[in-house]
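Engineer: The structure is given below, and queries will be raised subsequently.
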Amino acid sequence: MQIGIAYSEPGQQLWLNIEVPDAATVQDAIDRSGILGQFPQIDLATQKVGIFGKLVKLDAPLRPGDRVEIYRAIICDPATVPRRDADEDD
């Protein structure tokens with residue numbers, strides 16, 4: 001079955017479409033994608049993963065067309081960052 005793998009860093013985004021066996025898990029797809037070789041800083045022991053924005057565990061089964069997402073940690077507290085109004089850009 002075909003699924004997608006998505007990961008993003010500042011200035012670089014990666015989207016891969018790969019073929020995985022029908023009984024594949026999220027971990028299987030990540031391993032098969034080679035993304036860990038391209039981004040060695042990814043630590044699946046601490047970073048969360050999801051399918052279409054919903055958090056899942058690495059052993060979650062995949063369905064055809066799923067998009068596996070690897071999430072980075074938030075590096076600032078959104079509550080403490082001042083909001084920018086759209087009017088300020090004009």
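Nothing in this text is a laboratory measurement; each read-out follows from the coordinates by a stated rule. Bear in mind the structure is a predicted one, so any value in this text is a computation, not a measurement. Reconstructed Cβ throughout: ideal geometry from the backbone, glycine too, with neighbour counts over all protein chains shown.
Engineer: Counting every Cα pair in the stretch 1-51, what percent are over 14 Å apart?
Structural biologist: Summing the P(r) of the stretch 1-51 above 14 Å gives 51 percent of all pairs.
Engineer: Roughly what would the spin-label model give for Q27 and Q47, points 7 Å off Cα along C-beta, in nm?
Structural biologist: Label at Q27, label at Q47, 1.7 nm between them.
Engineer: Right, another one. Which loop-located chymotrypsin sites (Phe, Trp or Tyr not before Pro) does the stretch 1-70 contain, where loop means any DSSP state but H, G, I, E or B and the Cβ has at most 16 other Cβ atoms within 10 Å?
Structural biologist: F52
Engineer: Could you work out the Kirkwood radius for the stretch 10-81, taking every pair of different alpha carbons, averaging 1/r and inverting it, reported in Å?
Structural biologist: 13.4 Å
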